[in-house]
Amino acid sequence: MNKTVNDLVQQMEELPQHLQGQVLEFARMLANTQVKGTPGQELLQFAGCIPADDLEMMRDAIEQDCGKIDRHEW
């Protein structure tokens, strides 16, 4: 077993039975989870496609507007 598995087993042994069951359920759920989205390798073809002027406009908009909350917007 690798170190991560050994560490997990050690932590599991310290948990009460009902929490061990929850960890086991979570691990099973993770094992059945399929990765969604597009692998980064496939997105590399788009690197550099956005013109520098557009990137600058996006950066300026983010710096200007992000972090501001309009409490009356909702």
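Across the alpha-carbon atoms of the chain, the computed radius of gyration and Dmax are 22.8, 59 angstrom. Tell me the net charge near I50. Cut-off is 15 Å between Cβ atoms, I50 excluded, with +1 for each Lys or Arg and -1 for each Asp or Glu. Here the charged neighbours net out to -3. With a simple spin-label model that places each label point 7 Å from the Cα along the Cα-to-Cβ direction, the separation between Q10 and V35 comes to 2.9 nm.
Of the GluC sites (Glu not before Pro) in the chain, the ones in a loop by DSSP (not H, G, I, E or B) with at most 11 other beta carbons within 10 Å are E73. Net length available on complete extension from F46 to K3 is 11.7 nm, with 0.36 nm assigned per residue and the Cα-Cα distance removed. Projecting label points 7 angstrom from Cα along Cα→Cβ for C66 and Q20 puts them 4.5 nm apart. Sparsely packed loop sites in the chain (the trypsin sites (Lys or Arg not before Pro) outside DSSP H, G, I, E and B with at most 14 other Cβ atoms within 10 Å) comprise K36, K68, R71.
Rule-based calculations on the coordinates, nothing more; no lab input. Just so you know, these numbers come straight off a predicted model, no measurement behind them. As a convention, Cβ positions derive from the backbone with ideal geometry for all residues, glycine included, and neighbour counts pool all protein chains shown.
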